[in-house]
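Asker: One structure, as structure tokens, below. Some questions next.
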Amino acid sequence: MTSQNLIAPVLLFLFSAILQAGRKETSINASSRFAKILETHFPEMRDSSYQHKTEISEKLGAWNCDYSGLIRHILRRHFPRWESFFCPA
């Protein structure tokens with residue numbers, strides 16, 4: 001799976017979820033930040049595959065996950081306030 005295959009569904013999901021959340025940060029700013037974060041990770045990806053178990057190692061460039069795993073990983077690392085809202089434990 002290439003990085004281009006991941007970005008559209010991820011951004012669509014995130015944008016709609018943020019619109020419904022009604023948080024202080026505007027949805028456009030959060031979506032833009034999320035997109036930029038993904039863009040910085042794409043050149044570092046050496047291996048990626050679609051699988052339900054999330055196995056991400058940024059250091060090794062391995063991104064093996066499904067869309068929800070990718071979203072959760074980005075939220076956890078870069079948007080901890082949002083991750084707790086969208087992905088309760």
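Asker: Points 7 angstrom from Cα along the Cβ direction at Ser57 and Arg77: gap in nanometres?
Answerer: Inter-label distance under the simple model: 1.4 nm.
Asker: While we're on this one: I need the phi-derived Karplus couplings for segment 66-73: 6.51 cos²θ - 1.76 cosθ + 1.60, θ = phi - 60°, integer Hz, Gly and Pro marked x.
Answerer: Coupling constants for segment 66-73: 9, 4, 5, x, 5, 4, 4, 4 Hz.
Asker: How many nm separate the modelled label positions at Ser68 and Glu44, each set 7 Å beyond the Cα in the direction of the Cβ?
Answerer: 2.5 nm
Asker: At 4 °C and 1.567 mPa s, grab the translational diffusion coefficient of segment 25-73 from Stokes-Einstein with a Kirkwood Rh over Cα pairs, rounded to a whole number in µm² per second. Write down the numbers at each step before the final one.
Answerer: Numbers: Rh = 11.5 Å.
For these conditions, the coefficient is 113 µm²/s.
Asker: How would you rank 54-60, 33-39, highest first, on the average number of other Cβ atoms within 10 Å across their residues? Can you show the working numbers first?
Answerer: Working: 54-60: 12.1, 33-39: 15.0.
Highest mean packing first, the order is 33-39, 54-60.
Read the figures in this text as sums done on the coordinates, not as results from a lab. The structure displayed is predicted, hence computed values, not measured ones. Heads up, the Cβs are rebuilt from the backbone with ideal geometry, glycines too, and the neighbour counts pull from every protein chain shown.
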